[in-house]
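To start, the structure itself, in structure tokens.
The values are calculated or read from the model by the stated rules, or taken from the named source; none is laboratory data. Because the structure is a prediction, the values reported are computed rather than measured. Quick reminder, even Gly has a Cβ in these numbers, built from the backbone with ideal geometry, and neighbours come from all protein chains shown. Side chains are part of the model used for accessible areas, which takes the heavy atoms of the whole protein and leaves out ligands, DNA and RNA. Shrake-Rupley method; radii C 1.70, N 1.55, O 1.52, S 1.80 Å.
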Amino acid sequence: MRGQQDQGNESAVEWLKLVLAVVTLAALTVIYFLLPPPERAGTGIEFIRACLPNIITALVVFPALYLVLGPIGQRNEDRLARVVQNSIGATEAGIKFPDDVSGTVDFIREIVAKEPSQRGPIDIEILAFTGGTFTTALLRDLVQQNPDKLNIVMRTIDFSLTDGSRYPAHWEREEAETVDRLKSLCEGKAGLEIWHYPAFPFLLGLSIGRSHLLVTFPSWDLRTGRLADKSLEYRYYGRNSRTEHLFELFENWSRQPGQIPVHPAPVPASASAPVPAPRT
């Protein structure tokens with residue numbers, strides 16, 4: 001849309017140049033014919049009379065050359081500039097939230113409020129390290145304000161399978177506390193699934209109804225050799241042909257193999273097997 005506007009503005013400028021050239025050409029032509037005849041004209045008037053044909057010729061030839069040959073010569077350069085500009089617009093998020101999850105709260109509330117309720121619960125899928133910030137800054141109020149409207153899936157690190165030296169020391173305790181808080185928070189108010197994944201993800205984020213995505217990318221603390229425990233910048237993407245790859249990347253990491261269901265807890269195979277009837 002922006003590219004079309006720019007092209008329209010450029011065309012308008014070119015036409016304005018043409019109109020100005022034509023108006024100037026007409027005015028000079030009229031002046032030429034209104035000049036007094038040579039026998040009554042002074043030296044200055046005669047000089048102007050001699051110059052006007054050359055000026056009129058220049059106004060006809062040079063604007064024509066500019067308008068016709070200029071765009072032809074600039075076409076490839078303009079096309080390249082527009083491709084670069086459009087590619088930047090296609091890959092850059094429309095909205096940035098530098099204040100970690102806390103900065104996204106109001107925006108996510110608006111999205112949830114606008115989602116049609118007749119389609120059933122709104123699916124919110126979260127890919128996090130421990131889920132602590134998501135629970136404290138976002139889910140606590142979101143669940144309270146939207147009872148029976150949300151279905152939440154939280155995916156966090158399985159610390160029993162991963163190398164703890166790669167994470168900040170307090171993350172394992174934080175995750176255990178988050179699981180308990182989420183269970184209590186969603187009980188009777190929202191659907192809840194909690195999964196633990198074995199390998200930390202390439203990206204973190206939150207998906208709403210599979211059509212809205214807030215995503216960020218973690219980084220390493222090179223001083224400690226652990227994942228950096230810092231505020232992250234989230235970016236919002238609506239699902240379309242230009243952002244489909246980000247949604248697919250998020251969904252791929254959300255489905256990574258080897259995940260263990262934490263809530264609801266898996267039912268042991270022996271518990272679901274029928275109890276044999278006593279022999280008589």
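Taking Lys and Arg as +1 and Asp and Glu as -1, the other residues whose beta-carbon sits under 14 Å from that of S184 total +1. Taking 7 Å steps out from each Cα toward its Cβ at A169 and D141 produces label points 3.3 nm apart. Using 0.36 nm per residue and subtracting the Cα-Cα separation, the extra length available between K189 and L249 on full extension is 18.6 nm.
Ranking of E251, E177, E172 by solvent-accessible surface, largest first: E172, E177, E251 (1.4 Å probe, protein heavy atoms only, all chains present). Take the Cα of D106, step 7 Å toward its Cβ, do the same at T24, and the gap between the two points is 5.1 nm.
Once the chain from S231 to Q256 is taken as fully extended at 0.36 nm per residue, the excess over their C-alpha distance is 6.5 nm. Using the Cβ-Cβ distance between D123 and D99 with R0 set to 30 Å, the FRET efficiency works out to roughly 0.75.
Extension gain S160-R242, at 0.36 nm per residue separation less the Cα-Cα distance, in nm? That pair, S160 and R242, stretches by 25.7 nm at full extension. Approximating the spin labels as points 7 Å out from Cα along Cα→Cβ, the D148-to-D221 distance works out to 4.5 nm.
Under 9 Å from the Cβ of F97, count the other residues' Cβ atoms, weight Lys and Arg +1, Asp and Glu -1, and hand me the total. My count for the surroundings of F97 gives -1.
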